[in-house]
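Here the structure is laid out as structure tokens; the discussion comes afterwards.
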Amino acid sequence: MHENRETSELPAVKPDIRTAGEGLGRTARMYISEESDSGTVPMNQSNKDERLLAEIEEGRPLIEENTLQPNTRSTQSEASVSQGLAGVRKAARENKEMRFTSLLHHVSVDLLRASFYSLKRKAAPGVDGVTWQEYESGLEDRITDLHSRVHRGAYRAQPSRRVYIEKADGRQRPLGVAALEDKLVQQAVATILNQIYEEDFLGFSYGFRPGRSQHDALDALSYALMKKKVNYILDADIRGFFDNLDHSWLIKFVEHRVADPRILRLIQKWLKAGVMEEGEWSEAKTGSPQGAVISPLLANIYLHYAFDLWVNVWRKKHAQGEVVVIRFADDTIAGFQYQTDADHFLENLRERLGKFGLELHPDKTRRIEFGRFAEQNRKRRREGKPETFDFLGFSVLQKHTDKEFTMN
């Protein structure tokens, strides 16, 4: 789980009929061909079966457009922000090959203000040492100046402040705490880009998306185990995912939809800002800091092209039986009807991720027999009980009734 990464609520976006006025550039082809190819919580049948079936079978994102949380002080500012962003979303929905050439103008004073009030008020400061409360003092002058610097190219991203948190296994997880103005601008850009990518992301992607949560991902897993032909589980763990994102591939992926060079330069500034640890600056040649506001969205974009689109093609062209996928950020569970499909998929997945600078953790990635009939099948073969697997901090185990699963 990644509950300690810094995220924030997003400013409100309300539907509006105003057009986007965005440019349509040349078509960018996606890399999706096969060649480029504490207690016990019962996993009851979800009451969202129809919704989950649609998401698991393929995946249009079944989320409402107005799931962003209102945090702005002024309804006039809110309406101004919403009008333009609704136009971006409408254009993204209607033309899946549109490359948006003019997005920076949406980074308005109103959006910056809304983004500021969506940040966590008690978050730790970055290398600038500025807290949310300190920045609020004289806010209008500050965001007016920030807006000017962003639009004339004078804005400079600061390095992230390196901190560590202890993981469940005792190891240390590095986090990057961004400076307040970097959080603010990242939040504004993420709000804009979400209007595009929420029309593109697939239904089995749940992590750090508006209107989706860990509960939704666990509901989808419950539905798959109870209703789909799942006999084998692949628990796929990408080694050091956030630390190993290839910057050049990431920018190529973003360029499939974004052709505004100013937005691309902002993303590159954040990627190249580096890390400050104990007074020493170090360059970040790969990765996006866990803790940066923009990182979850960039991670989802990366995996959308490197994994999601590819797996959708794979299961339609190569699988002999049913295949279900549930992804929450870099945590992925895949369910298979047949063992041969699971083993073939694992082999192909290793090759696929390797093309984009990623690899599966050899000790944490495993295929196990698990499902409604796993226990009776293993009993017939005089084998032990089905193994358990972990997902989003829960250990999923099968009860002796064959049709019940629990999460501890």
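The values are calculated or read from the model by the stated rules, or taken from the named source; none is laboratory data. Small disclaimer: the values here were computed from a predicted structure and weren't measured. In case anyone asks, the SASA skips ligands and DNA or RNA and just uses the protein heavy atoms, side chains included. Shrake-Rupley method; radii C 1.70, N 1.55, O 1.52, S 1.80 Å.
Once a ≥ b ≥ c are taken as the square roots of the eigenvalues of the Cα gyration tensor of region 234-352, is the result rounded (a/c under 1.5), prolate (a/b larger than b/c) or oblate (a/b not larger than b/c)?
Details: a/c = 3.09, a/b = 1.93, b/c = 1.60.
Verdict is prolate for region 234-352.
Within region 180-291, count lysine pairs with alpha carbon atoms under 20 angstrom apart where the residues are 8 or more positions apart or belong to different chains.
Numbers: K183/K269; K183/K272; K252/K269; K252/K272; K252/K285; K269/K285; K272/K285.
Lysine pairs meeting both conditions in region 180-291 amount to 7.
Going by Cα centres, region 128-161 and region 190-205 are how many Å apart?
Between the Cα centre of region 128-161 and that of region 190-205, the gap is 26 Å.
Probe 1.4 Å, all protein chains in place: accessible area of K316 in Å², nearest 10?
About 150 Å², rounded to the nearest 10.
Please label the shape of region 84-232 as rounded, prolate or oblate, based on the square roots a ≥ b ≥ c of the eigenvalues of the alpha-carbon gyration tensor (a/c under 1.5 means rounded; beyond that, a/b larger than b/c means prolate, else oblate).
Values: a/c = 2.57, a/b = 1.30, b/c = 1.97.
Verdict is oblate for region 84-232.
What ranking of H151, H304, H215, H361 comes out by heavy-atom accessible area, probe 1.4 Å, highest first?
Numbers: H151 70, H304 5, H215 135, H361 30 Å².
Largest accessible area first, the residues go H215, H151, H361, H304.
Taking a ≥ b ≥ c as the square roots of the eigenvalues of the Cα gyration tensor of region 289-330, is the shape rounded (a/c under 1.5), prolate (a/b larger than b/c) or oblate?
On the way: a/c = 5.35, a/b = 2.78, b/c = 1.92.
Judged from the Cα gyration tensor, region 289-330 comes out prolate (a/c at least 1.5, a/b above b/c).
Kindly write out, for region 114-127 in residue order, the coupling ³J(HN,Hα) from the Karplus curve 6.51 cos²θ - 1.76 cosθ + 1.60 (θ = phi - 60°), rounded to whole Hz, with x marking Gly and Pro.
4, 5, 4, 6, 8, 6, 5, 5, 9, 5, 5, x, x, 5
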